[in-house]
Amino acid sequence: MENNKFEKPIYVTRPLLPPISDVTGKLEEIWASQWLTNNGAQHQSLEKEIQSFLKVPNTCLFNNGTIGLIVAIQSLRLSGEVITTPFTFPATPHVLTWNGITPIFCDIDEQTMNIDAGKIESMITPRTTAILAVHVFGVPCDVAAIETVARRYGLKVIYDAAHAFGTEINGRGIGTFGDISMFSFHATKLFHTVEGGCLTFNDSDLKQRIDLLKNFGIKNEDEVVMPGINGKMNEVQAGIGRSVLTMVPDEMKKRRHLRDIYNVMLGSVSGIRLQKEISGVKDSYQYYVIRIVADEFGMTRDEVYERLQPFNVFTRKYFYPLASDYTCYRQIPSSARDNLPVASQVVQETLSLPFYGGLSEEDVRKISSLIIGLQGR
Ligand code: T4K
């Protein structure tokens, strides 16, 4: 096994990089225009291109996904408490806190690892104004059940779709569910603009308000109509994004192939659970996540994570720790472990394996063999 060390570190992902000539071409266009930010030509084109790729009626680009979420919450005028998942990246609960809202943590579904829609109702109080659900690892939430409970109680629904670029349910873009969805365009995402993100929504009336909120609330040279923030994506980000977007379909194909290899290699290993494919769902191919059941595998997830590092394989324990365990959220009553039994178990078991088109078939076979070789050691 010791001879299997990779020459160079293998990370959980690598950014999709267009040929440098493509990027310099975009830079030349931007230089010639002398227009670097504030809704320039690249921004306008990318907004339309994203709209069409995601099959959504309205899109608004941002300098990063987190600011996008902060603005989404402002645009819907949310307050009080918002029900969310503890199994996510820190940005999800933090955007609530930045809006003066208390995150209320609801347990997750064992299969999808998304918020358990069946448990949301029991978390609703008179202060609840919305549900902030995450399509974690690009797997869609139970959008129908969430819509039902939201309608019954008059709650807004925001989806953190940071991982779900390209996810579809029966041909429908994931960004068309709920009131607003946020996609992250961070460098580590399938599609990226170095840093960046976007909001998508069905209600066209929201477009003007969101555009104002991301530009300081400036309506025109004479009027500032609300306390907005600076959430604008600049022309260099948008130009690079336009080049990256043309590569996404091919990258998805490569990832699909690599995922199939992982599935074949790891699918029947005792103690390793794969993510189940859901019928009618088109994947975003953002992450490849396995669960390691320590009792069956003979080793904990943490041990696997550590034992792979000497072989230059750097997996990630996304999304450990649970948000409900952060020191800033521990005191919230819903953070108690007995309220979150499934999340508390799942967070000990998930491991994101290296997954990006730049890996070869041989790399994926080698990583899989290394994991299998650890069993029982
Ligand atoms: N909601 C959810 C559910 C999210 O997952 C995220 C972001 C957000 C909201 C917020 O969206 P943004 O505001 O970020 O748009 C990374 C990303 O920074 C973060 O965007 C992402 N989620 C999260 C899941 O992953 P880290 O702390 O894991 O990043 P880092 O720097 O450790 O990178 C991971 C690996 O990627 C590295 O080991 C090597 C590789 N890498 C990374 C970078 C930045 C490269 O090869 N090149 C690079 O340039 O958070």
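The values are calculated or read from the model by the stated rules, or taken from the named source; none is laboratory data. Please read these numbers as outputs of a predicted model, since none were measured by experiment. Neighbour counts run over all protein chains shown; Cβ positions are idealised from the backbone, glycine included. Accessible surface is based on the protein model in full, side chains and every heavy atom, while ligands, DNA and RNA are left aside. Shrake-Rupley method; radii C 1.70, N 1.55, O 1.52, S 1.80 Å.
Kindly check whether there is at least one residue in region 190-210 that is closer than 20 Å to PHE89 by Cβ and open to solvent by 10 Å² or more (accessible area, probe 1.4 Å). Don't jump to the end; show me each part of the working.
To start, the set of residues in region 190-210 that are closer than 20 Å to PHE89 by Cβ comprises 190-200.
If we keep only those that are open to solvent by 10 Å² or more (accessible area, probe 1.4 Å) too, we end up with 194-195.
Yes, region 190-210 has at least one match.
Within region 201-208, identify whether any single residue is assigned by TED's automatic domain parsing to the domain that holds LEU76, in contact (Cβ under 8 Å) with a residue 60 or more places away in the chain, within 16 Å of the ligand (Cβ to nearest atom) and touching a Gly at 6+ places or on another chain (Cβ under 9 Å), and answer yes or no. No, every residue in region 201-208 fails to be assigned by TED's automatic domain parsing to the domain that holds LEU76, in contact (Cβ under 8 Å) with a residue 60 or more places away in the chain, within 16 Å of the ligand (Cβ to nearest atom) and touching a Gly at 6+ places or on another chain (Cβ under 9 Å).
Only residues that are of a type in the set (D, E, K, R) and either within 16 Å of the ligand (Cβ to nearest atom) or without any contact (Cβ under 8 Å) to a residue 12 or more places away in the chain (or both): list them for region 24-45, please. Talk me through it step by step, then tell me what you get.
Start the filter on region 24-45 by keeping residues that are of a type in the set (D, E, K, R), which leaves 26, 28-29.
Answer for region 24-45, where residues must be of a type in the set (D, E, K, R) and either within 16 Å of the ligand (Cβ to nearest atom) or without any contact (Cβ under 8 Å) to a residue 12 or more places away in the chain (or both): just GLU28.
Within region 232-290, the set of residues being open to solvent by less than 50 Å² (accessible area, probe 1.4 Å), closer than 19 Å to GLY357 by Cα and without any contact (Cβ under 8 Å) to a residue 60 or more places away in the chain comprises just one member, ASN263. Filtering ALA187, ALA162 for residues that are near the ligand (Cβ under 10 Å from one of its atoms), closer than 30 Å to THR315 by Cα and surrounded by 22 or more Cβ atoms within 10 Å (Cβ to Cβ) leaves a single hit, ALA162.
What residue, among those in region 4-49 that are assigned to a loop (DSSP other than H, G, I, E, B) and of a type in the set (Phe, Trp, Tyr), is nearest to PHE185 (Cα to Cα)?
Of the residues in region 4-49, the ones assigned to a loop (DSSP other than H, G, I, E, B) are 5-9, 11-19, 34-40.
Checking which are of a type in the set (Phe, Trp, Tyr) leaves us with 6, 11, 35.
Values: PHE6: 29, TYR11: 19, TRP35: 22 Å.
Filtering first and then ranking leaves TYR11.
Out of everything in region 165-181 that is assigned to a strand (DSSP E or B) and open to solvent by less than 10 Å² (accessible area, probe 1.4 Å), what residue ends up being farthest from the ligand (Cβ to nearest atom)? Applying the filter and picking the extreme gives GLY173.
Run LYS48 past the list (1) in contact (Cβ under 8 Å) with a residue 12 or more places away in the chain; (2) open to solvent by 10 Å² or more (accessible area, probe 1.4 Å) and report the number of the one that doesn't hold. All conditions pass for LYS48, except number (1). If the condition is being more than 16 Å from the ligand (Cβ to nearest atom), in contact with a Ser or Thr (Cβ under 9 Å, 6 or more places away or on another chain) and among the aliphatic types (A, V, I, L, M), then region 297-350 contributes VAL304, ILE332, ALA336, LEU340.
Within region 1-21, if we keep just the residues that are open to solvent by less than 70 Å² (accessible area, probe 1.4 Å) and at pLDDT 95 or above, the residue that is farthest from the chain's Cα centre (by Cα) turns out to be PHE6.
Considering region 254-362, there are no qualifying strands (runs of 3 or more DSSP E) wholly inside with 3 or more residues that are in the same structural domain as PRO93 (by TED's automatic domain parsing), acidic (Asp, Glu) and in contact with a His (Cβ under 9 Å, 6 or more places away or on another chain). How many of the residues in region 21-53 are among the hydrophobic types (A, V, I, L, M, F, W, C), touching a Ser or Thr at 6+ places or on another chain (Cβ under 8 Å) and within 19 Å of PHE183 (Cα to Cα)? Selection size over region 21-53: 2. Hey, any hits in region 136-151 for a residue that's within 12 Å of the ligand (Cβ to nearest atom), outside any helix (DSSP H, G or I) and small (Gly, Ala, Ser)? No - not one qualifying residue is present in region 136-151.
Here SER204, SER243 are screened, and the one residue that is more than 18 Å from ASN58 (Cβ to Cβ) and modelled with pLDDT of 95 or more is SER243.
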